Number of protein chains: 2
Amino acid sequence: MQPIPTFHDIRHAAERIRAHAHRTPVLTCDSLNRMAGAQLFFKCENFQKAGAFKFRGACNTLFSLSKAELRGGVATHSSGNHAAALALAARLRGTRAFIVMPQDAPKVKIAAVAGYGGEITFCQPTLEARETTLAEVVRETGATFVHPYNDPRVIAGQGTATLELLHEIPDLDVVLAPVGGGGLLSGTAIAAAGMSPKIKVIAVEPANADDAFRSFRAGKRIPVEHPDTIADGLRTSLGELTFAIIMGSVHDIVTVSEEAIVAAMRHVWERMKIIIEPSSAVPVAALLENKLAVSGKRVGVILSGGNVELSKLPF
Amino acid sequence: MQPIPTFHDIRHAAERIRAHAHRTPVLTCDSLNRMAGAQLFFKCENFQKAGAFKFRGACNTLFSLSKAELRGGVATHSSGNHAAALALAARLRGTRAFIVMPQDAPKVKIAAVAGYGGEITFCQPTLEARETTLAEVVRETGATFVHPYNDPRVIAGQGTATLELLHEIPDLDVVLAPVGGGGLLSGTAIAAAGMSPKIKVIAVEPANADDAFRSFRAGKRIPVEHPDTIADGLRTSLGELTFAIIMGSVHDIVTVSEEAIVAAMRHVWERMKIIIEPSSAVPVAALLENKLAVSGKRVGVILSGGNVELSKLPF
């Protein structure tokens, strides 16, 4: 297994990405506070470059790689935010990004990757086809594969969001993050533990894609295949590395229904006037459904991204 | 005619509302800068209390009124943001707000007014019915009428948005604001002139509701009846007071098409990840359509509000 990144690595990542990534704002909302019965501090990664926290990990990785490693560019397979983030980070680093995308990926995501200069290879929409095609691309180009979450540099990058949040609002009782592959959650947990041992980190997952919930309780990885959730950023299962980190430093994982996710997304849009994608609404859903014992507490919430197809809204 | 408010009045208004209104953030967006060929600074009144700049004017007025004037509460007729803003400001001031609304007003607007404790009287959806019903309500309750824009206290309140913008970003070349009844535009022009005589104030109006554009060119008020525009906050015509101010201190007024408004709204949602209502998109539309000679300039843009019915989006 790869090494578990440390708090030190997250601090280094923060320095490394400072000139490239946005320091996103922390917003509050009285009416959501009232609904949740807690004081909420929203770290707005929907305002991050390329529209999601993913840019932090991609950027940290690109600026960690040696010139030799960058010679053939970087590559990944992704239908989502990691692809756009990697393409943008590669452009900023002056190298090429080869992105394998399923041919049924949303047009808006394809356009984003292409807009950042990513070189796209389409494949059949199965995990096997994605992995095979990626292997071919890597063989042909000599590109360095950058995994979307199961990589210590990526995890350290994602942790910088929580580092910034806790520098701005130091006295939080709890930090909430959504969990898919576990890169954001792992970085969040390491950053929070490094800032203060008192802060609890709780993950929230769609009940329809609950591999992290089950794995956490069973103490072993139980991947879920083809989960059906509107939270498109959270359909992946934990990796070996992220599972190990989460077992060691996350306090709890709870799940929420699809209806609760849509309702929470709508509340954030209506009350906060900001656009978040369904994955970002997952922790908010747990708050609004009172799934967490946070009454009267100060709670940080990582709003992971804001990339949605406006013509396909669930409301 | 009522007295024209001064820069001094706007500074007083800023002090008066400080404890109640949000100091809204100023956001920037690289991709919109590129599209407009200028450096844009967005004053985000969509994040203001009650979701629009209207709260500034309502709040300044409520906290300017004497106890005697407040005894019977305040009243207005409005189907839009002024109604919610007045209801909230009245609640904060500890008095009642009587709101006359057309019976076909959007449910979300009715719910907002009721949610802030406004006491609603419904009427037929004509201007005559609204005025007659308001007169009855005022007679019965002894409430003080607060006009949505043709009032110096309201105008001074609206001007505080530009005061804040220019305190934060002093060296702007141009400030853009949408124009409907002209309250926001009047306050913007007075605030900008007071801060620096070099700043140009340009108003943008839907071509489908272009009374301000025509009046400005003709040098006399030419109200438009029943204009049909998606920018629901800009369907009103200039008042006597706002017309006089605009003639004296606005540099130009340009118009934009409905298609350009919808496209601009969509761009802001997609790129900035913030929710703005169609009226807010009107100045952005002028920028994206190159209707303004602002190439390379530093341009402030007042994003007036963020109240939209999510189930009735134009895209």
Meets criteria (open to solvent by 10 Å² or more (accessible area, probe 1.4 Å), modelled with pLDDT of 95 or more, within 26 Å of B:I4 (Cα to Cα) and not small (G, A, S)) for B:E240: yes
Search result, residues across the range B:5-53 that are of a type in the set (D, E, K, R), buried (at least 19 other Cβ atoms within 10 Å of the Cβ) and away from chain A (no Cβ under 14 Å): B:D9, B:R16
Cβ-Cβ under 6 Å pairs, at least 6 apart or on other chains, the range B:251-275 side within 11 Å of chain A (Cβ to nearest Cβ), far side among the basic types (K, R) and open to solvent by 40 Å² or more (accessible area, probe 1.4 Å): none
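So that you can scan it fast, the table gives a plain yes or no per residue for (1) under 17 Å from A:R71 (Cα atoms); (2) open to solvent by 70 Å² or more (accessible area, probe 1.4 Å):
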residue: A:V100; (1), (2): no, no
residue: A:V108; (1), (2): no, no
residue: A:A112; (1), (2): no, no
residue: A:C123; (1), (2): no, no
residue: A:V138; (1), (2): yes, no
residue: A:T141; (1), (2): yes, no
residue: A:F145; (1), (2): yes, yes
Selected residue (criterion: surrounded by the most Cβ atoms within 10 Å (Cβ to Cβ)) from residues of the range B:275-302 that are assigned to a strand (DSSP E or B) and over 18 Å from the mean Cα position of the chain (by Cα): B:V299
Residue that is surrounded by the most Cβ atoms within 10 Å (Cβ to Cβ), among those in the range A:247-262 that are in contact with a Ser or Thr (Cβ under 9 Å, 6 or more places away or on another chain) and part of a helix (DSSP H, G or I): A:I261
Some residue of the range B:213-226 being in the same structural domain as B:I246 (by TED's automatic domain parsing) and within 21 Å of B:G157 (Cβ to Cβ): no
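Only one of A:A231, A:A264 is in the same structural domain as A:K198 (by TED's automatic domain parsing), closer than 30 Å to A:T6 by Cα and within 19 Å of the chain's Cα centre (by Cα). Can you tell me which?
A:A231
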Subset tally (residues that are within 30 Å of B:L241 (Cβ to Cβ) and assigned to a helix (DSSP H, G or I)) for the range B:1-38: 11
Subset of the range B:185-198 that is open to solvent by less than 10 Å² (accessible area, probe 1.4 Å) and of a type in the set (A, V, I, L, M, F, W, C) - its residue that is nearest to B:R221 (Cα to Cα): B:L185
Among (1) at pLDDT 95 or above; (2) open to solvent by 10 Å² or more (accessible area, probe 1.4 Å) - the single one A:S79 does not satisfy: (1)
Hey, B:A105 assigned to a loop (DSSP other than H, G, I, E, B) and modelled with pLDDT under 95 or not: yes
Pairs where the first residue, in the range B:73-89, is assigned by TED's automatic domain parsing to the domain that holds B:K107 and the second is aromatic (F, W, Y) and in a helix (DSSP H, G or I), C-beta under 7 Å, 6+ apart: B:A85/B:F55; B:L88/B:F55; B:A89/B:F55
A:A156 being under 21 Å from the mean Cα position of the chain (by Cα) and free of Cβ contacts under 8 Å to residues at least 60 places away in the same chain: no
Qualifying positions in the range A:137-170 - part of a loop (DSSP other than H, G, I, E, B) and among the β-branched types (V, I, T): A:V146, A:I169
Residue list for the range A:214-246, restricted to those being assigned to a helix (DSSP H, G or I), without any contact (Cβ under 8 Å) to a residue 60 or more places away in the chain and closer than 18 Å to A:A189 by Cβ: A:S215, A:F216, A:R217, A:L234
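The values are calculated or read from the model by the stated rules, or taken from the named source; none is laboratory data. Predicted model only: the values in this text are computed from it and were never measured. Virtual Cβ from ideal backbone geometry, glycine too; neighbours counted across all protein chains shown. These area figures cover heavy atoms from the full protein model, side chains too; ligands, DNA and RNA do not enter into them. Shrake-Rupley method; radii C 1.70, N 1.55, O 1.52, S 1.80 Å.
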